[in-house]
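A quick write-up on the structure given underneath.
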Amino acid sequence: MESASQSSREAILARIRAALGTSAGAPSAPVAAPGGIFPPIPNPLERFVAECAANFTELTVTANRVETVEVLARILHELPAGEIYVQDIPELRELITRADGKDVTWSSQGPPAEACQATVTQAEALVAMTGSILVSSLGCGGRGSSVVAPCHIVVARVQQLVPTIEQALALVKERGLPARSSFVGLITGCSRTADIEKLLVIGAHGPRRLAVVLQQ
Amino acid sequence: MRGTAAQEFLRQSVEKTADLEHRRIIRWNIDNYDTAVNRGKSRFADWQAARDRCQQVKREALARLDDYLLQFEKQVVARGGKVFWASNSEEARNYVTELAVARGVKRIVKSKSMVTEEIHLSPALEKAGIEVWETDLGEYIVQLRNEPPYHIVTPAMHLTRLQIAELFRAKLPDVTADDHQSLVAAARRALRKAFFSSEMGISGANFIVADAGMIAISTNEGNGRLCTSVPRIHVAVTGIEKVVPRLQDLAVLWPVLATAGTGQPITTYSTLIGGPRQPGEADGPEEFHVVLVDNGRSQLLADPEQREVLHCIRCGACLNACPVFRHVGGHSYGTTYQGPIGSVLTPHLRGQDFNHLSFASSLCGACAEVCPVRISLHHHLLENRRNAVRTAGQPWKEGMGFKLWSWAMRSASRYRVLTGLARRAARILYSMGYEGSWIDPAAAWTAYRAAPAIPRQSFRQWWESQDGKR
Amino acid sequence: MPRVALFIPCFVDQLSPQVGIDMVQVLRRIGCETYFPSEQTCCGQPAFNSGFWDEARPVAERFVRVFENAEAVVCPSGSCTTMVRNFYRDLLADSPLREVAAALAGRVFEFSEYLVKIAGVEDVGAEFPHRVTLHESCHALRELHIQSEPRKLLSRVRGLELVELPHSEECCGFGGAFAVKFGMISAAMGDAKAANVDSTQAEYVTAVDPSCLLHLEGILRHGKHRARTIHLASILACESSREKGAAL
């Protein structure tokens, strides 16, 4: 199979080069920022709040650590009985302890179980333009941590907010995520489908509840 | 037109255009889509500039396609992934099937991928004794019904909730109610078992990001995320033309794809994947394979007139804008890709048997108007028609007819004589009541329309009679 | 006095001559001198659209020679105007008449765009006291970007009540040979258009393309709909209280 693959690879590349009429391409044009395509965002936090409401992200803004713990405790308490899966970092270890989280599996112990009720992670960044969370497998406890459970809880800081998708992608590059993290994703609201009569149903295969606790 | 594909298209389209219930459902779906898209476009300061940018990005991508594919491959391999280059459907199919068999795969979960439809992957896997579960809800529904997807973005748009409820009650164990929520919940329960018991997940890719060395997948349901997170092997199958040069390009492409596809600002899950699980990661597949499919694309790349057809980002907007699609429905095409892009692309991928699709258009241009990457689809239909005449030939009667027409039109006196004769004959026939009968040469017209009244005098006869009264 | 060459499409000449006659009347009324180059036959569109470019080319070349010295060419059809302005470039790419064709393209106008953009006239002294709806012909709309001109002209017609047609930009289904090769689809598209016309309760549906109107008239009569078609030129040709009926 290997040699067949090699010959196809060479054949395809040869066909592409013949089609383009050159074997060395011109250097790519400098990246033009998509300026003027999207309206400016004068108040990112305000925009983030509005977009979260529109995409059904449950956003709670807290003033300090104490409030964050309170909110987290409330959300955990509301969950049906069962395991919660938490990204294993010191900040979340501390928060979960303070919020009296029970039945915890940590990301260092392996992937999330199918039946877990919630996952708790941090985010790489937040995006105001679309009310999105930027996550990565390296920085947020793996891949399943943001999609397996019916409820995904994100603990974040306002400083993590960037205005646009463009800036979020620049951040991905700056942090060298492509080289270090096999998965990077932008999550915008909870899972949904409109495949039946174009009627929007919230909660398909991914989480039907996305709760973001955003501390000032 | 000749060949069974053309005949089948005609047969199905005749049936579908008469189906008023189908027309009602599709009209309703598309009206909803139009409303959502108009709302979505208003989020852009300059939608036209967005289209320009997307067109520019795709032009750049194709201009150095070989370099970008190599840049992508290098990074995937560095992370422990594998890249397989498939010249055609068969090679792609064989690679995935042989891999699955070699790894002892019994069950596969699939997220939406038009390329996997194009290469007929599922039947090959099933023949090898492997269970394949479509996990995109629309794809899952049509899979249960044993029919192909109706539309490249919304595969089940031809079905009503009640039809889907009936289907689920027949096929799934615990369907309790008929409402949309309950149906989606039933699908979730069934598919969740599949996600967590499958050894392989297969996905497509919306984009191949060259500088980051990652594929990008846009979904709403989360099925794409689960397919690429839970099973121990992830295979991504994609066309070679999906390249974009830079990660930054997604800043415009993601919102444009979502807006044109469904009217959303962005899809719920905009995912980038570059390899199998890396050291230090909590979970993820042990193996990552990318299958790059050519299957006629490099040939299209070599066509300077039609290369831009490869810019397509598979948003489905042209299908929704097309009045022909709306009336004949997605299944009538009999092809993986339907609507205007399907009509333009299919002869290049599957040959002369599908030339008829390029003729089944009124050339209204609505497709080109909505295309986010500015492909002049209706002009490419004209080019396909010209190519069809030159290479495959058209029915000899038509060829003779146009030669005669051309000869007649090259002389004003010939034109006058022949048209005068034709008009006189028509007036006689219609006055005798032969309109629509077997004698009527315009029967193809009069089958559906009242015949026009034939004027006594042509314009030029009137003009000449006015001589001196200018 | 501007001198305007009349480009009368072959099917207008033969099947809807009244459209040409009315266009001439309006042009004269606004002070144009009109003449009809009688050597013209066809622009070549039927063969071109069916993929027979080699058969269409000599016909197109002939057209270019017939009109090459005209200062302005006016045509009562968006699709035929499009053929000359937009598609001759591709069809005559290898022809010795390529340059002449390109130069001519800049001097060929659809009737409503000539009135509004070249002659600068919106009120042509017309009266047509009826309820009318406007179908937006595809070629005129998408290839020539003619959208405001017919509306401007109609807004100045005395007594005319213009009702917006739902989905006015949707194709009527004519499409040339498509209408007979795929008659069922063409008719279904026409039926959808007729249903939209019905919903406006208009007496007339108008457009700048006589081919759309021929097809729609056939659909409307066949389906026993109330409305009838009338070309924009025929509306504009109606002066004061002297009414004209629908196109012959």
Test set (1) more than 10 Å from every other protein chain (Cβ to nearest Cβ); (2) within 30 Å of B:Glu131 (Cα to Cα); (3) buried (at least 20 other Cβ atoms within 10 Å of the Cβ) - B:Ala92 fails condition number: (1)
For B:Trp28, only one of the following conditions fails: (1) in a helix (DSSP H, G or I); (2) touching a residue at least 60 places away in the same chain (Cβ under 8 Å). What is its number? (2)
Matching residues, region A:150-186, being β-branched (Val, Ile, Thr), without any contact (Cβ under 8 Å) to a residue 60 or more places away in the chain and assigned to a helix (DSSP H, G or I): A:Ile165, A:Val172
For region C:54-69, give me the residue count where each residue is within 20 Å of the chain's Cα centre (by Cα) and of a type in the set (Gly, Ala, Ser). 1
Does any residue of region B:25-48 turn out to be closer than 30 Å to B:Glu398 by Cα, more than 9 Å from chain A (Cβ to nearest Cβ) and surrounded by 14 or more Cβ atoms within 10 Å (Cβ to Cβ)? no
Only one of B:Arg423, B:Arg386 is at the interface with chain C (Cβ under 10 Å from one of its Cβ atoms), basic (Lys, Arg) and in contact with a Phe, Trp or Tyr (Cβ under 7 Å, 6 or more places away or on another chain), namely B:Arg386
Check every one of the helices (runs of 4 or more DSSP H) wholly within region C:143-221 and list those with 3 or more residues that are at the interface with another protein chain (Cβ under 10 Å from one of its Cβ atoms) and modelled with pLDDT of 95 or more. C:183-200
Taking the criterion of being surrounded by fewer than 21 Cβ atoms within 10 Å (Cβ to Cβ) and closer than 18 Å to C:Val121 by Cα, would at least one residue in region C:57-74 satisfy it? yes
What number goes with the only condition from (1) at pLDDT below 95; (2) among the acidic types (Asp, Glu); (3) within 18 Å of the chain's Cα centre (by Cα) that A:Asp100 does not pass? (3)
Among the residues of region B:254-280, which ones are surrounded by fewer than 22 Cβ atoms within 10 Å (Cβ to Cβ) and free of Cβ contacts under 8 Å to residues at least 12 places away in the same chain? B:Pro279, B:Gly280
What's the number of the condition B:Leu310 fails, among (1) assigned by TED's automatic domain parsing to the domain that holds B:Leu137; (2) under 25 Å from the mean Cα position of the chain (by Cα); (3) surrounded by 23 or more Cβ atoms within 10 Å (Cβ to Cβ); (4) not polar (S, T, N, Q)? (1)
Going by what's in this entry, would B:Gly330 be described as under 13 Å from the mean Cα position of the chain (by Cα) and on the phi > 0 side of the Ramachandran plot? no
From the set of residues in region C:57-74 that are of a type outside the set (Gly, Ala, Ser) and away from chain B (no Cβ under 12 Å), which is nearest to C:Ser137 (Cα to Cα)? C:Val74
Do we find that B:Glu21 is acidic (Asp, Glu) and in contact (Cβ under 8 Å) with a residue 60 or more places away in the chain in this structure? no
Here's a check for you: in region B:159-190, which residue that is surrounded by 20 or more Cβ atoms within 10 Å (Cβ to Cβ) and within 26 Å of the chain's Cα centre (by Cα) is farthest from A:Ser191 (Cα to Cα)? B:Leu159
Would it be correct to say that C:Val205 is surrounded by 17 or more Cβ atoms within 10 Å (Cβ to Cβ) and either farther than 11 Å from C:His135 by Cβ or touching a helix residue (DSSP H, G or I) at 6+ places or on another chain (Cβ under 7 Å) (or both)? yes
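Suppose the filter is within 12 Å of chain C (Cβ to nearest Cβ) and without any contact (Cβ under 8 Å) to a residue 40 or more places away in the chain; does B:Leu357 pass it?
no
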Does B:Asp303 satisfy the condition of being more than 7 Å from every other protein chain (Cβ to nearest Cβ), out of contact with any His (no Cβ under 6 Å at 6 or more places or on another chain) and either hydrophobic (A, V, I, L, M, F, W, C) or surrounded by fewer than 24 Cβ atoms within 10 Å (Cβ to Cβ) (or both)? yes
Just to be sure, is B:Leu381 touching a Pro at 6+ places or on another chain (Cβ under 8 Å), within 11 Å of another protein chain (Cβ to nearest Cβ) and in a helix (DSSP H, G or I)? yes
Evaluation of B:Val235 against (1) touching an Asp or Glu at 6+ places or on another chain (Cβ under 8 Å); (2) modelled with pLDDT of 95 or more (one fails), failing number: (1)
Among helices (runs of 4 or more DSSP H) lying entirely in region B:286-370, which contain 3 or more residues that are farther than 25 Å from C:Leu141 by Cα? B:297-301, B:339-350
B:Gln71: assigned by TED's automatic domain parsing to the domain that holds B:Glu241, exposed (fewer than 14 other Cβ atoms within 10 Å of the Cβ) and farther than 30 Å from B:Phe195 by Cα, yes or no? no
With criteria (1) within 11 Å of another protein chain (Cβ to nearest Cβ); (2) crowded, with 24+ Cβ neighbours inside 10 Å; (3) under 11 Å from the mean Cα position of the chain (by Cα), A:Leu126 comes up short on (1)
Output for region A:193-210, where each listed residue is over 13 Å from the mean Cα position of the chain (by Cα) and either crowded, with 24+ Cβ neighbours inside 10 Å or of a type outside the set (D, E, K, R) (or both): A:Thr193, A:Ala194, A:Asp195, A:Ile196, A:Leu199, A:Leu200, A:Val201, A:Ile202, A:Gly203, A:Ala204, A:His205
Considering each of B:Arg414, B:Arg410, B:Arg449 in turn, give the residue that is within 24 Å of C:Phe182 (Cβ to Cβ), of a type in the set (D, E, K, R), without any contact (Cβ under 8 Å) to a residue 24 or more places away in the chain and facing chain C (nearest Cβ under 9 Å). B:Arg449
Just checking, how many residues over region B:282-299 are more than 19 Å from B:Ser203 (Cα to Cα), crowded, with 21+ Cβ neighbours inside 10 Å and touching a Leu at 6+ places or on another chain (Cβ under 9 Å)? 2
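The values are calculated or read from the model by the stated rules, or taken from the named source; none is laboratory data. Everything quoted here is computed from the prediction, not taken from an experiment. Backbone-built Cβ (ideal geometry, glycine too); neighbour counts: all protein chains shown.
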